[in-house]
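Student: What follows is a structure written as structure tokens; I'll ask about it next.
Here, each number is a calculation from the coordinates, and none is a lab measurement. Owing to the predicted nature of the structure, the values given are computational and were not obtained by experimental measurement. Quick reminder, even Gly has a Cβ in these numbers, built from the backbone with ideal geometry, and neighbours come from all protein chains shown.
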Amino acid sequence: MMHFMLPVRWFLIFSFIFLLISCSRLPVIKPVDQAVLPDIEQRCHQPFVDVPYRFIHAIEITLPGGGTGAVVGVTVIDPASENIHSVIMTIEGFVLFDARYEREVHVDWAVPPFDAKHFAERLMEDVRLILVAPHGSLSIAGILEDGSTICRYDGSQGRIYDLIVRQDNSWEIGLYSDSYETIRRVNASSVKDRIPKLIKLTAYDYWDYSLLLSLITAEPVSAGVIQLQPGESPDDE
Amino acid sequence: MEFMTTASRTKKGVLLIGVLFSCAVMLGWADNWEDIQRESAKIKSVSAHFSQEKHMQILTRPLVSKGLFYFQVPDSVRWEYISPIRSILLMRKGDIRRYTVGSKGLVEDKGGSLEYMQIVLQEISRWSTGQFTANEHFSATLKGGRGAKIILTPRETGLSSIISRIVITLSPDRPGVIKSVKIIESEGNYTLFEFTDVQINGKISESLFREVI
């Protein structure tokens, strides 16, 4: 019994410590003059593309326990319609997941367990968090102690969405629950022409994981690209 | 943990194709299966550069990867991507490992499983001896002549859900050398591998098959 109780006790202690860590205090925002608010709001939209774009990333996935995997992600986004087409494939080119978001998620192809219930919805939520400008109402905007710009939005389900843009144009998104627990954190760095070379997304909810996206290519595309047309037929025989 | 399972499952297909490449490069120019078996028996090692073009509907232009390939009889393979992502697959004496460059450098991919090693080795032995027609995973059709093609069609429903067919094109001028391998997943979605600088029966350091550097 003791052998059983001891691990349980340690589990509870570690869980409590983890809870303390994950229950982040929200960044303290220093108010600014009303006259500069429009500039701050504009800066808070800087991380998001305003024309259709195609991104190709090498994605390093880290799972609980430290296991890692590497895949290639292709994402096309139209910021006007907010339509998204996302494909995940192996380095060798095998497509694991192919889905579109057009007001709702449509899965065109998924290898088990990428076809698991809710997987596509959650993946699209992560993609939208990284690539789509926030929808919620702006509750406060200002600067942080280090001079970074911050915009705080009220999201759905009582969530709080913080967008921080630093002076070197790197940016960070913090998504919090209504009890201020961190749900997601996104850090973008090495930003050039508004496109970050590195993006790290860390998920803190029921299934912890992190995604490190290293940019391979980013290029503007026509809006019609998301409306798929039949592809080229392979000339093989 | 779900992803671990995914990696295990998908690795089956990936490794199978890796093996396929290794053996496909060994194929000789031929008009019939007997010629292929005869040419295959002459191959002891292969080294080559490869380019990988991924064609998909979502891509305006193919996504191009480049790398190096090494094979040594009976079962040593190094399949190495140089760009855009560095990744190395090593198979040697029944052991298979995969490494990918990430934030912590070149690390072993723990998402894979060794349970398919047996399948891989079986494939190596079959393909290296030109035993296409006895393959349990693919049925093979040979279209002989200059630039002969071998068309492989999955026998299993599970595999055919991932791969529609594979087309291996042999070099028209150089017996024993393959020109390209095309893996067709679905309409508009295929991967084309082209081999260049192919060296047959050259000396390859044994360490290449057990060390990632």
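Student: Mind listing which GluC sites (Glu not before Pro) in region A:48-115 are in a DSSP loop and have 15 or fewer other Cβ atoms within 10 Å?
Tutor: On the way: sites: A:Glu60, A:Glu82, A:Glu92, A:Glu102, A:Glu104; in loops: A:Glu82, A:Glu92, A:Glu102, A:Glu104.
Listed in order of number, the matching sites are A:Glu82, A:Glu102, A:Glu104.
Student: Where in region B:144-170 does the label zone of B:Glu136 land, with the point 7 angstrom along Cα→C-beta and an amide N cut-off under 13 Å?
Tutor: B:155-156
Student: May I pose another question? Residues of B:59-70, mean number of Cβ from any other protein chain within 10 Å of their own Cβ, rounded to a whole number?
Tutor: 3
Student: Here is a follow-up. Please state the relative contact order of region A:27-222 as a whole percent: Cα pairs under 8 Å, 6+ residues apart?
Tutor: 22 percent
Student: Averaged over B:78-87, how many beta carbons belonging to a partner chain fall within 10 Å of each residue's beta carbon? Please report the intermediate quantities before stating the final value.
Tutor: On the way: counts 0, 1, 0, 2, 0, 1, 9, 10, 3, 5.
That average works out to 3.
Student: Further question: List the trypsin sites (Lys or Arg not before Pro) within region B:140-191 that DSSP assigns to loop and that have no more than 15 neighbouring Cβ atoms inside 10 Å.
Tutor: Working: sites: B:Lys143, B:Arg146, B:Lys149, B:Arg155, B:Arg165, B:Lys179, B:Lys182; in loops: B:Arg146, B:Arg155.
Those that pass, being in a loop and sparsely packed, are B:Arg146, B:Arg155.
Student: On a C-alpha basis, how far is the centre of region A:26-66 from the centre of region B:168-213 in Å? Whole number, if you could?
Tutor: Using only Cα atoms, the two centres lie 43 Å from each other.
Student: Would you mind computing, in nm to one decimal, how far apart the modelled labels at A:Ser139 and B:Thr157 are, each placed 7 Å from Cα along Cα→Cβ?
Tutor: 5.2 nm
Student: Here's a follow-up. Could you name the lysines whose alpha carbon sits less than 30 Å from that of B:Lys182, not counting residues in the same chain fewer than 8 places away?
Tutor: B:Lys11, B:Lys12, B:Lys42, B:Lys44, B:Lys54, B:Lys66, B:Lys93, B:Lys110, B:Lys143, B:Lys149, B:Lys203
Student: Now a separate question. Order of B:His55, A:His106 from fewest to most other C-beta atoms within 10 Å? Walk me through the numbers on the way to the answer.
Tutor: Working: B:His55 20, A:His106 12.
The fewest-first ordering by Cβ neighbours comes to A:His106, B:His55.
Student: Chymotrypsin sites (Phe, Trp or Tyr not before Pro) within region A:149-206: which are DSSP loop residues with at most 14 other Cβ atoms inside 10 Å? Spell out each step's value before the answer.
Tutor: Values: sites: A:Tyr153, A:Tyr161, A:Trp171, A:Tyr176, A:Tyr180, A:Tyr204, A:Tyr206; in loops: A:Tyr180, A:Tyr204, A:Tyr206.
Passing both the DSSP loop test and the Cβ count: A:Tyr180, A:Tyr206.
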